[in-house]
Amino acid sequence: HSYLCGTAAKRLAEDLDYHNEGEAFIAGFLHDLGISIIHKFIHSGFMDIYNLVNDKKYNFQEAELEVLGMTHQQIGYFLGERWNFPLQLCDAILHHHDPENSKLSKDLATIVHLADYMAKKLNIGSYYWDNEIQFNIEELEMLRIKDSEGFDNFMKGYEGLFTNQLNSVRYFS
């Protein structure tokens, strides 16, 4: 999922004339860093989150807040800051679910949000964490799209990219 989102974010950045495609790839690749940290270092919390989602039908962010008192976005942001990542990268990690709240790089956060959403919407890969992800329709202006029909057509144009990337990941696995 991380590689697919990074690749899609890079392509979206190119297509939308974002000034730094490499930054978009890294932001897409690292957007769910907090989930890996929860799984590796707070494994019992990870299992509690998973159980709340499956048994009590919480969404993952609600379960993360219930169990840890913070979300995977906040954990990723915290680590990015501690590791001296550029602040716009940290901001994109923090706001990949709510790019409208980004203070430093709304365009980058929107690109990552869209890459993450498309991976889910197009059913590419088997990643279950953010199953309830919704695209923030307010962000269509940044994409130069006027309505939901245009958005659907926009997304279909990327389906082949995701499929090709998924196949290349399987080939090298």
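Distance between the C-alpha centres of segment 14-56 and segment 70-113: 11 Å, rounded to the whole angstrom. In this structure, Glu100 and Asn51 have a Cβ-Cβ separation that, at R0 = 22 Å, corresponds to a calculated FRET efficiency of about 0.10.
Based on C-alpha pairs under 8 angstrom that are at least 6 apart in sequence, segment 25-117 has a relative contact order of 27 percent. If I take R0 = 30 Å and measure r between the Cβ atoms of Glu62 and Asn153 in this structure, what FRET efficiency does the formula 1/(1 + (r/R0)^6) give, to the nearest 0.05? FRET efficiency, Glu62 to Asn153: 0.35. Site pair Glu141 and Leu87 shows an inter-label distance of 2.4 nm when each label is modelled 7 Å from Cα along Cα→Cβ. Per residue, the average separation of C-alpha pairs within less than 8 Å and at least 6 apart gives segment 3-79 a relative contact order of 27 percent. Of all lysines in the structure, the ones whose alpha carbon falls short of 25 Å from that of Lys106, not counting any fewer than 8 places away in one chain, are Lys10, Lys120, Lys121, Lys146, Lys156.
Where a number appears in this text, it was derived from the coordinates with a stated rule and is not lab data. If you're wondering where the values come from, they're calculated on a predicted model, not measured in any experiment. Cβ: placed from backbone, ideal geometry, glycine included. Neighbour counts: every protein chain shown.
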